[in-house]
Each structure stands twice: as C-alpha cells, then as structure tokens.
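The structure appears below as structure tokens.
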C-alpha cells in the first residue's frame, strides 16, 4: 500500500485507533489491578493494625500495655520487611515500642497533608521509605485513650509483593494485548483489502477499456460504487457516439469535396497545354492527397487502439521493402532488410504498415542508391514492458540538426521537387504517440538520415 492510497489511509487510521484503544485499555486495567492489589495488601495490614489497637486499648490482665508480639513470625525476624510500631504522643518524651523485625530503626510517620497518603475512616495509607531504604506500604492510625494516653499505631509491609504482582500482571496483559493487536491489525488489513477489491476491479476494467480489450465495465458492483460504474459506462457510450458522429461528418465532407475536385481536375486536364491548368492540376492533386491523409488521421484517432493484439513484424517489413523497390524501380534503389523472426508489435497491422511505409518511402525518395531497414526486438526492461525498434537508414544528402528538429512538423518540406505533401513524418509521429512510441532522427552510418521508431513489443 502506497502512502497516498486510500487503502493506506483506511489501514493507518483503523490500525492506529486500534493500537491506541488497546494501549489505553491496558493502562486502565493495570491501574485497576494495582488498586485491587493495594486494597488486598491494606486489608492484611489492617488486620494487624486492629490487633495492635485492641492490645493497646484493652491489654490483658497481668500483661504490659505495649504488646511484645501479635502472633505473626515475620514481625519477629530482623529486617523481614514486616514491621509494627506504637508511639505514645502525649508523653514529655515520646515512648516508642516496635516489633523485633524493626530492630533499632523507626517507621516514618505519614503526613496527613501528604499527597501519597490516603485518609480513610481515620486511617492513613501510603508509601514510605523504611529500613535499608526499602519501599514500604504503611497503614497508620491515631488512638486517643483519654487518661491512658494518645497513641500512633503503625503497621508496614514491604511493597515488593505489590510490585512483583504488578510486574507479573503487566507482562501477562502485555503479551495478551500484543497478540490481540497483531490479530486486529491483520484483520484490518484483510478488511481493507476485501472492502476495496471492487475499486481495484474497476481500475483494471478501465485499463482494459483504455487498451481496447473491453468496451464497458462489466459485472456486479457493491451498492456504494454501482452509480460510479453506471456513470462511467454512460460516459463511454456518449464518447463513442461523439466519435461516430465525427467520423460520419468527416466521411460526408470527403464525399462533398470529391466531386468538385474531380470537376476541377477534369477541366484542367482538358487544357493540358495551359501552364495555369497544369498548376491547377498540381494543386488539386495536393488537395486530394491532404484530404485523404486528414480523413485517414480522423479514422485512426477515432477508433480505439488495441494494444492487446500482437503482429509479426517480419512479413510486414518484407512486403513493404518489395513494394518500395517496385515503386522506385526507375531509380534502382536497393533495400536491405534485417529483421529477427521473433520481432512482434503490440497494436494493429494497418498502423504498423502506415508508419514503416512512410519511413521507407521517405528514405527511398532521398536515397542515392541504398536504403537499410533493421528491426531490433528488446525484451522486457525493469518496467516490465518489451519494445520493438525499427531503424531505417538511407545514403542521401542527410539533414542538419536544425532540419531534423523541424522536419516532422505537419506539411514541412525542404525540397519542393520531391513528390508528396509533407505529411508523412508527421503522421508517423502522431501514430507512434497513440501507442506511447517515439520517432527520432539522426545521422545514418551510410551517409544520410537514420529514422528510429520505438514501439511497444510483445
């Protein structure tokens, strides 16, 4: 898919939105799961906190005010990551009692106005730095026992458990969402390909119409693009009607002019010895020749070019060479032909005969004694298109670079003594352009002009 294509735009936006939605969903799920893990962790800490509050508020008879243990072995192991601490706040010097696991350290106090600490029902919950810079999850509560004192009770657990649960969850959900993203992107690409398939079919059908292999769009199309197909067919039919009317008018014009020209020629022929009559006959022949040429050009331009037809070049070149030798027999022009048997032209035989015939006829008019015709068949190049090159050389006087540049213009003649109307090369140029071909003129190795015609091959 090219970056400026409709398929790329659809795929890019659909895939981009899909990835964005999945990323946002993953972030939200990760946040929700972290909240759930923290709540579960806080509930565990809260159990220990309630036990401590009960022991401080109502110690058993015969026991100390401050508990020595709350029945959890982790609080007995030094620096185990689980700690509790009871601090009397109303004493002149705060009395601190803590679990054995805290060793000689103290738990930090969560400020009530600190953003990480969350207050809930008299509890403060948040993260703080503990012994050995360990990251702790802390739950604190202040208990006022009246005459018995005011106490700050804290319970903390190492946040590693929370972080490991989150890492495991993030890895799992990341792998799941990565697979889901890949599956959705592939599904999007398939949907775009299938959804735009009718447009590709229309493009291929239009290419077939342009090349002459079809006359209209055929087949059923989806509801959204069916009007496009109908209007395209209607436009093609309208163009065909316009072209047909133009051809009819051109034919009517030819018939309308043919009779007056015949009358002029006949009247001039009756006065053959009159110089004016001879000039009239000469100009009338030129007019008739130009009229025939113009009608032929109208016919060529009006009909479709069938690029799918393959024509063998050798028979055409050989036949034209024999014909031109007969036409110029009085000048004894020798025509040499070199054409490979596999050379083929992608187009119509009549057009090939018209182009090569004009080039060979023009070469014979100017040649002194020799004309050479060489055909080169080239295989498909990097663009996948093969070519056939027709090279016509003569040993005539040749042309200067300025003359070669202007000789293909319509009606351009450099020697009025030579027969013709000056339309031959211009017709070759126009016909070649219909086939995306090109005519170039250069100096011939045998002394005259080299005309090289490049056309689509097969």
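Computed from the coordinates by the stated procedures, all read-outs in this text should not be read as laboratory data. Note that the structure is predicted; figures quoted are calculated from it, not measured. With ideal geometry, Cβ positions are generated from the backbone for all residues, glycine too; neighbour counts draw on all protein chains shown.
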- Note on the structure: Among beta bridges assigned by DSSP with both residues in the chain, the antiparallel ones amount in percent, to the nearest 5, to 90 percent
- Note on the structure: The convex hull of the Cα atoms of the chain, divided by residue count, gives a volume in Å³ per residue of 296 Å³
- Query: So what is log10(I(q)/I(0)) for the range 148-247 at q = 0.17, 0.18 1/Å, when the Debye sum runs over its Cα atoms only?
  - Reply: -0.90, -0.95
- Query: At 222 nm, what helix-only mean residue ellipticity would the chain give, in deg cm²/dmol to the nearest 500, using -39500 (n - 2.57) for each DSSP H run of four or more?
  - Reply: -17500 deg cm²/dmol
- Message: Tell me the angle of helix 197-211 to the major Cα principal axis of the chain, expressed in degrees between 0 and 90 and rounded to the nearest ten.
- Response: 10 degrees
- Query: Under the classification rounded if a/c is under 1.5, otherwise prolate if a/b is larger than b/c and oblate if not, where does the range 73-113 fall, given a ≥ b ≥ c as square roots of the Cα gyration tensor eigenvalues?
  - Reply: oblate
- Item | Proxy reagent accessibility, fewest Cβ within 10 Å first, across 274, 351 | 274, 351
- Message: Suppose R0 equals 45 Å. What FRET efficiency, 1/(1 + (r/R0)^6) with r the Cβ-Cβ distance, do residue 442 and residue 283 give to the nearest 0.05?
- Response: 0.85
- Message: Within a 10 angstrom radius of the beta carbon, how do 18, 318, 87 rank from fewest other beta carbons to most?
- Response: 318, 18, 87
- Nearest-ten-degree value, helix 160-195 long axis tilted from longest Cα axis of the chain: 20 degrees
- What percent does the relative contact order of the chain come to when contacts are Cα pairs within less than 8 Å and at least six residues apart? 9 percent
- Message: As I understand it, the value is the acute angle between the Cα axis of helix 226-269 and the longest principal axis of the Cα atoms of the chain; what does it come to in degrees, rounded to 10?
- Response: 20 degrees
- Eigenvalues of the alpha-carbon gyration tensor of the range 211-301, times 5 and square-rooted, give semi-axes in Å, largest first, of 49, 10, 7
- Assertion target for 240, 255, 328, ordered by fewest C-beta neighbours within 10 angstrom first, is 255, 240, 328
